């Protein structure tokens, strides 16, 4: 028997039937699913301190459970003291089991730790069924040791789905458990 994450089982057993009924899909292959989750962190103070890059890569790897990759500058910008090829951030792309594990931890543990949390915005869809959100403090992830963090940084989380429309993607993410704000607010 192979291991299957809790959220993946929930998707198969609960979410797929709800989506099939709501959007009247004829085939299981039409039902939208999450293809990948991308985490991205830009580092503004890189030109002053190279240690920030190493710390960011290590923290991102701990959060994702997968090795982070540095992002490089494509152009030189003299006003920012930036040269082409310099490391300016870190990113991770999660798929399959690691994606579902991260998503489960993100929904159940990390998001409730956000200060004054009232739900995530439903206005961040891109028109093609993908959802983007920003996190202002990366310390909401319990995997990080608070004593080793030098600077609190933000990060972006992108949910890439196979949905054709934003309504389908919204329903998918809502049924998976993402806490969207109430439409009345």
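Values computed for the structure shown
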| quantity | calculated |
| --- | --- |
| Residue that is surrounded by the fewest Cβ atoms within 10 Å (Cβ to Cβ), among those in segment 59-97 that are under 20 Å from residue 146 (Cβ atoms) and in contact with a helix residue (DSSP H, G or I) (Cβ under 9 Å, 6 or more places away or on another chain) | 65 |
| Positions within segment 103-149 being exposed (fewer than 15 other Cβ atoms within 10 Å of the Cβ), touching a helix residue (DSSP H, G or I) at 6+ places or on another chain (Cβ under 6 Å) and closer than 17 Å to residue 38 by Cβ, in sequence order | none |
| Hey, residue 150 farther than 22 Å from residue 63 by Cα and either in a loop (DSSP other than H, G, I, E, B) or free of Cβ contacts under 8 Å to residues at least 60 places away in the same chain (or both) or not | no |
| Any hit, segment 152-171, residues being touching a helix residue (DSSP H, G or I) at 6+ places or on another chain (Cβ under 9 Å), surrounded by 13 or more Cβ atoms within 10 Å (Cβ to Cβ) and at pLDDT below 80 | no |
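The values are calculated or read from the model by the stated rules, or taken from the named source; none is laboratory data. Since this is a predicted model, take the numbers as computed values, not measurements. Cβ: placed from backbone, ideal geometry, glycine included. Neighbour counts: every protein chain shown.
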